[in-house]
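Below is one structure, written out as structure tokens; comments come after it.
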Amino acid sequence: MKLLHLLPIGNVDDGLLKDLCPSIEEIFRVPCKVLPVRLDPECAFHGERQQYHSSEILHRMQSFLTADSWRLLGIGAVDMYIPILTFVFGEAQVGGPCAVVSAHRLRQEFYGLPSDRKLFRQRLIKEAVHEVGHTLHLTHCDDYRCAMASSHAVEWIDLKESALCATCQSVATPITQVQPARNF
């Protein structure tokens with residue numbers, strides 16, 4: 001049976017990844033497992049920006065794929081970017097097996113606000129679904145409530161749901177049996 005593997009990147013809390021698995025399983029109807037290894041993101045650190053290049057992390061993730069990997073989702077606590085953007089919440093190989101999410105800017109503390117674990121978890125699930133959706137050939141959706149809606153700020157993430165809209169589900173269904181899911 002193929003699995004959606006979660007790969008800890010750097011110093012991310014393992015409990016957070018284990019907590020993410022049931023939601024991912026329910027949304028994609030694929031078993032989820034946290035890998036017992038970590039990817040060290042230092043190879044992707046760019047001192048001039050004080051950030052980590054997400055494309056370099058994605059490239060390094062390839063070596064963590066196994067024969068039972070359906071998709072590989074990396075979760076890191078580091079601030080990520082691509083050269084044309086100030087930061088990214090995540091990046092994926094469209095139609096490929098790997099995606100990565102940065103939890104760094106999903107936390108309320110980043111914006112000088114009190115910690116909110118529930119809101120952080122909701123944001124992380126939404127971005128995880130979004131990036132895995134890209135691996136299923138899904139592009140950005142015009143429905144702002146869909147998990148595939150583009151998000152350039154956390155406020156946009158907060159507006160969307162953790163589930164795919166009917167249109168995105170219909171595109172993804174031939175690839176996997178994505179079912180409508182409740183929001184988390």
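The values are calculated or read from the model by the stated rules, or taken from the named source; none is laboratory data. Bear in mind the structure is a predicted one, so any value in this text is a computation, not a measurement. All Cβ positions, glycine included, derive from the backbone under ideal geometry; neighbour counts span all protein chains shown.
Remarks
- Selection from the stretch 118-177 of residues that are within 17 Å of Phe87 (Cβ to Cβ), small (Gly, Ala, Ser) and out of contact with any strand residue (DSSP E or B) (no Cβ under 9 Å at 6 or more places or on another chain): Ser151, Ala153
- Positions within the stretch 72-100 being among the hydrophobic types (A, V, I, L, M, F, W, C) and more than 23 Å from Gly47 (Cβ to Cβ), in sequence order: Leu72, Leu73, Ile75, Ala92, Val94, Cys98, Ala99
- Restricting the stretch 134-149 to residues that are part of a loop (DSSP other than H, G, I, E, B) and within 23 Å of Leu17 (Cα to Cα) leaves a set whose member that is modelled with the lowest pLDDT is Leu136.
- Residue match in the stretch 162-171 (condition: in contact with a helix residue (DSSP H, G or I) (Cβ under 6 Å, 6 or more places away or on another chain), surrounded by 15 or more Cβ atoms within 10 Å (Cβ to Cβ) and in a loop (DSSP other than H, G, I, E, B)): yes
- Strands (runs of 3 or more DSSP E) contained entirely in the stretch 45-133, each with at least 2 residues that are crowded, with 19+ Cβ neighbours inside 10 Å and out of contact with any Phe, Trp or Tyr (no Cβ under 8 Å at 6 or more places or on another chain): 69-76, 90-92, 98-102
- Pairs linking a residue in the stretch 1-30 that is without any contact (Cβ under 8 Å) to a residue 40 or more places away in the chain to a residue that is part of a strand (DSSP E or B) and of a type in the set (A, V, I, L, M, F, W, C), with Cβ atoms under 8 Å and 6 or more positions apart or on different chains, are Asp14/Val34; Lys18/Val34; Cys21/Leu6; Cys21/Cys32; Cys21/Val34; Pro22/Cys32; Glu25/Leu4; Glu25/Cys32.
- Selected residue (criterion: modelled with the lowest pLDDT) from residues of the stretch 163-184 that are closer than 14 Å to Arg29 by Cα and of a type in the set (Gly, Ala, Ser): Ala181
- Verdict on Ile24 being closer than 26 Å to Ala166 by Cα and surrounded by 14 or more Cβ atoms within 10 Å (Cβ to Cβ): yes
- The set of residues in the stretch 27-44 being surrounded by 15 or more Cβ atoms within 10 Å (Cβ to Cβ) and in contact with a strand residue (DSSP E or B) (Cβ under 9 Å, 6 or more places away or on another chain) consists of Phe28, Val30, Pro31, Cys32, Lys33, Val34, Leu35, Arg38, Leu39, Pro41, Ala44.
- Condition met for Glu155 (at pLDDT 95 or above, under 30 Å from Glu48 (Cα atoms), surrounded by 20 or more Cβ atoms within 10 Å (Cβ to Cβ) and not aliphatic (A, V, I, L, M)): no
- Per the conditions (1) part of a helix (DSSP H, G or I); (2) touching an Asp or Glu at 6+ places or on another chain (Cβ under 7 Å), the sole criterion not satisfied by Gly15 is (2).
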